[in-house]
Each structure stands twice: as C-alpha cells, then as structure tokens.
Amino acid sequence: EDPLQELVAPEPPTVTAKDTVETRQVQTAYGMLGFPSVTLYDPALYALDVLASILGKGRSSRLYETLVRQRQLVQTIECWNYTPHDPGIFGVSFRADDGKADAARAAIVELIAQVQQRGVTEAELAKAKKQVTAEYLFGLQTIESKAGDLANSLMSTGDPLFSRRYVEGVGRVTAAEVQAVAQRYLDPRQMTTAMIRPTQATVAGEAP
C-alpha cells in the first residue's frame, strides 16, 4: 500500500515580485531569490535541475565565477531547484557584505537574464549532466545504498526506479530546453527576495 500523503491547498500563483527584509545582529547580509518551480513529476524538472547546476553548483558555475571570483560581490553563493510533491522553488542563496548585497542581487538577476537571452553552452550542458550522473552512481556503490535508493524512490514517487529514470531524463536535456525553462520559470516579475541584513549597531561594531 502506498504511503499516505498529506494534502495541502496549493499556494496561489505569484503575480507580482515580493521583497522582505529583516535586520538582525549578524555580521554579513544573507539573501535568497526564489522563483515558483514545478512538482517532482513535471517533465520540466530535468531541465530546471540542469539549469540550477550550470548557474550555481560548484566553483566553476556561472554565479560563483562571476560574483565571487571576478566581481567579489559575494562570499558564498549557490543555486538549487527544490521539487517536492507540490510545486517547489527554484532558488539562489548568497552571503555578502551588507554594502554589496543590493549589487549582488542585481548581478544575479543580470546573469539569469543572460541565460534567458543567450542560452548555455554545450560544454556547460555536458558538465552539468556528467555531474548529476556521477553523483547518482557514486551513491550506489554498495548493496545497502542500492536498496536505499529503491526504497526512497518508491516512497517519494511510487516508482522504485524513479532515480534511474531521473538520470536518463537529465541525459536527454538539450541546451534549448535549458534556455526555455529559464525564460518560462525565472520571471523577475514573479521573484520573491528575502534578505537578512545587519543592524546598524552590528555594522558599527557596537553589538556582539
């Protein structure tokens, strides 16, 4: 018998950009940019995961190379595509000096626009596919891990071979599909920005 899933009402579609800022006693600013994503069963999942890898997974990703190494706007940055049973989130999170946080946010939006307008390279595409496949195979080196993979796939999707089909789906992604999902799902008019910034006292060194 399939495990019971708790049903929740779907969140209404985002129709305008949203921004929220909190100030706390932290030394640096923390930010996240989020876009409405898809469910675990949506065919767009594969191209969105590849896009997340190209944009912000590892030190050779576009976001890290540009914002950390070249422009030195952020200290850390990463990108992911979270896809549960309900529509998920395509997110970018970063940590930066407070005085650079706004410029970092603008630079992230700019890099996303570049992908939307010019697409990705075949080299970036091949690397992202190889990375996903390597992570999957590395996690299946023992009998226990293989059994765990089957169980996790069954619990999550009802298909014990889902993770294997996932790797196959990623392998079929094209550069045109990556550009298409960037254009469709990473709409700045539907972007939610959440920031935690230092209080003035913290910036001035008056608070612990």
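The values are calculated or read from the model by the stated rules, or taken from the named source; none is laboratory data. Only a predicted model underlies this, so the values are computations on that prediction, with no experimental measurement involved. Neighbour counts are summed over all protein chains in view; Cβ atoms, including those assigned to glycine, are modelled from backbone coordinates with ideal geometry. The accessibility values were calculated without ligands, DNA or RNA, using every heavy atom of the protein model including side chains. Shrake-Rupley method; radii C 1.70, N 1.55, O 1.52, S 1.80 Å.
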### Task
For M32, M195, give the ranking by accessible area with the largest first, probe 1.4 Å.
M32, M195
### Sequence-distant residues sharing a close amide H with T39 (under 5 Å, placed H)
G88
### Query
How much accessible surface does T66 have with a 1.4 Å probe, in Å² rounded to 10?
30
### Query
So for region 92-133, taking the charge dipole from beta-carbon charges (+1 Lys/Arg, -1 Asp/Glu), which of A128, S93, I108 sits furthest toward the positive end?
A128
## Note on the structure
Given backbone amide H placed at 1.01 Å from N, residues whose amide H is under 5 Å from that of T23, ignoring those fewer than 5 places away on the same chain, are R197
### Query
Which whole-number percent of Cα pairs in region 67-114 have a distance greater than 17 Å?
38
### Task
Determine the gain in length on full extension of the stretch T133-T199; use 0.36 nm per residue of separation and subtract their C-alpha separation, reporting nm with one decimal.
19.4 nm
